[in-house]
Amino acid sequence: MKIAQIHWGFPPIIGGVETHLAIMLPEMVRQGHDVSLLTGSAEGVKERYSYKGVEVYRTPLMDLNWLFKRGLKGLDEELLGLFSSFLDETGPDLVHAHNMHYFSDVHARVLERVVKRKGIPLILTAHNVWDDLLFLDLTHRIGWDHIIAVSHFIKKELIGIGVDDLRITVIHHGVDEDEFNPKVNPQRILDKYPRLKGRRIVFHPARIGLAKGCDISIKAISIVKERYPNVLLVLAGSRNIIDWGAYQQKDIAYLVSLIRHFKLEDHVFIDSYSIDEMKELYAASEVCIYPSSFDEPFGLTMLEAMATARPMIVTASGGMPEIIQDGINGFVIPRRDYEALAEKIDILLDNARLRRRLGYTGRQLVEASYTKERVTRDTIDVYSSVLSGRG
């Protein structure tokens, strides 16, 4: 089938949704479908090109960082022309939008107007939920033919605001299990960053921010270092993200101050990494952590850690406990409990056999349930149901 995808960002913009699309869309092409993506512009990237068989169209009118500075007023006619020309050129059987139930009322309403006029089904993937009127309004009032939720937590939240459960299908993300695997050699990343050599690496792979629990990780490491003086917390910074509201720089400034406050300059390492370097950092680490401080909708980094056979510690928030099972493939701790996080890090650093067992189980779970092939097939099944009228 011919599929039009619409989202605010795509690599080199980095984030969970962007990574999900970079995995799933080429797999759709591999499985025989014609896929196009309309997304935001990115510095140094062409407006149109092919990415692993996916036709990518970029425009400032979908760039949330630019739109935040510009404002959303007066975009109706430009968006009407943009969406109309994109769908005229690609001729899709359906349109699949990602997180279009938030950020911009005008984008969602103009998109609905165009697809209804053309008689094209409109599918939403809700990667997040929010507690405000815009989320409530756009989730209900836009004529989504079907909604994909990335976790049972997200589905429950949607049902909680009155969305019919029969209109929602849960599809967990998938990971490229070939790229992320236990045999990845970390030597290149160790050579690039000699400071990592000989250290007990604890990897926090989520982008830097207070919502992602980076402050909790820093506080925990201030405890762990007393028992393991050579421990090193690696935080994965991100230069290219969708930073709606420009919050990240404020968070980073606080986190740097926190590191100085605890005198952890020799125990915390921050930099930005490519996808290849992320794989190598998982391989170089002994423990992965993601102590999210808010209701994390899913957390793709959990699958990356599992695929590379690394145990992960997460908080009991949002959809994370659906993937990490306490004592099976990692640990689940209370939200914002840095002492519990430090305790679990200590247990894992102290027990190589336990690390291997939890990591091995995680890899098995990925191969059974979280592959890129599986998430793509499940998504195509939703498309088929909608097109046949069963959605």
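Of the residues making up the stretch 104-113, those that are crowded, with 22+ Cβ neighbours inside 10 Å and among the hydrophobic types (A, V, I, L, M, F, W, C) number 2.
It is to be established whether one or more residues within the stretch 309-316 are of a type in the set (Lys, Arg), modelled with pLDDT of 95 or more, part of a loop (DSSP other than H, G, I, E, B) and crowded, with 24+ Cβ neighbours inside 10 Å.
Within the stretch 309-316, the subset of a type in the set (Lys, Arg) is 310.
Add one more test, that the residue is modelled with pLDDT of 95 or more, and what stays is 310.
Now restrict to residues that are part of a loop (DSSP other than H, G, I, E, B): 310.
Still in the list and also crowded, with 24+ Cβ neighbours inside 10 Å: 310.
Yes, because at least one residue in the stretch 309-316 is of a type in the set (Lys, Arg), modelled with pLDDT of 95 or more, part of a loop (DSSP other than H, G, I, E, B) and crowded, with 24+ Cβ neighbours inside 10 Å.
Scan the stretch 133-188 for residues that are of a type in the set (A, V, I, L, M, F, W, C), under 20 Å from the mean Cα position of the chain (by Cα) and part of a loop (DSSP other than H, G, I, E, B) and the total you get is 3. In the stretch 31-44, is there at least one residue being in contact (Cβ under 8 Å) with a residue 60 or more places away in the chain, buried (at least 22 other Cβ atoms within 10 Å of the Cβ) and either acidic (Asp, Glu) or in a loop (DSSP other than H, G, I, E, B) (or both)? So far as the stretch 31-44 goes, no, none of its residues is in contact (Cβ under 8 Å) with a residue 60 or more places away in the chain, buried (at least 22 other Cβ atoms within 10 Å of the Cβ) and either acidic (Asp, Glu) or in a loop (DSSP other than H, G, I, E, B) (or both). Looking at the stretch 198-208, which of its residues are out of contact with any Phe, Trp or Tyr (no Cβ under 8 Å at 6 or more places or on another chain) and either part of a helix (DSSP H, G or I) or surrounded by 13 or more Cβ atoms within 10 Å (Cβ to Cβ) (or both)? Result: ARG199, ILE201, VAL202, ARG207, ILE208.
In this structure, does ILE168 turn out to be surrounded by 21 or more Cβ atoms within 10 Å (Cβ to Cβ) and either at pLDDT 95 or above or hydroxyl-bearing (Ser, Thr, Tyr) (or both)? Judged against the criteria, ILE168 is not a match.
If we scan the stretch 296-307, do we find a residue that is over 15 Å from the mean Cα position of the chain (by Cα), at pLDDT 95 or above and not in a helix (DSSP H, G or I)? Within the stretch 296-307, not a single residue is over 15 Å from the mean Cα position of the chain (by Cα), at pLDDT 95 or above and not in a helix (DSSP H, G or I).
Evaluation of LEU348 against the conditions (1) modelled with pLDDT under 95; (2) under 26 Å from the mean Cα position of the chain (by Cα) shows that the sole unmet condition is (1).
So, in the stretch 252-270, how many residues would count as being in a helix (DSSP H, G or I) and either touching a helix residue (DSSP H, G or I) at 6+ places or on another chain (Cβ under 7 Å) or of a type outside the set (Gly, Ala, Ser) (or both)?
Taking the stretch 252-270 as the starting set, the residues that turn out to be in a helix (DSSP H, G or I) are 252-261.
Going one step further and asking which of them are either touching a helix residue (DSSP H, G or I) at 6+ places or on another chain (Cβ under 7 Å) or of a type outside the set (Gly, Ala, Ser) (or both), we end up with 252, 254-256, 258-261.
Within the stretch 252-270, residues that are in a helix (DSSP H, G or I) and either touching a helix residue (DSSP H, G or I) at 6+ places or on another chain (Cβ under 7 Å) or of a type outside the set (Gly, Ala, Ser) (or both) number 8.
The C-beta contact set for the stretch 330-347 (first residue touching a residue at least 12 places away in the same chain (Cβ under 8 Å), second residue charged (D, E, K, R) and part of a strand (DSSP E or B), distance under 9 angstrom, 6+ apart or interchain) comprises VAL332/ASP326; ILE333/ASP326.
The values are calculated or read from the model by the stated rules, or taken from the named source; none is laboratory data. Quick caveat: nothing in here was measured; it's all calculated off a predicted structure. All Cβ positions, even for glycine, are placed from backbone atoms using ideal geometry, and neighbour counts span all protein chains on display.
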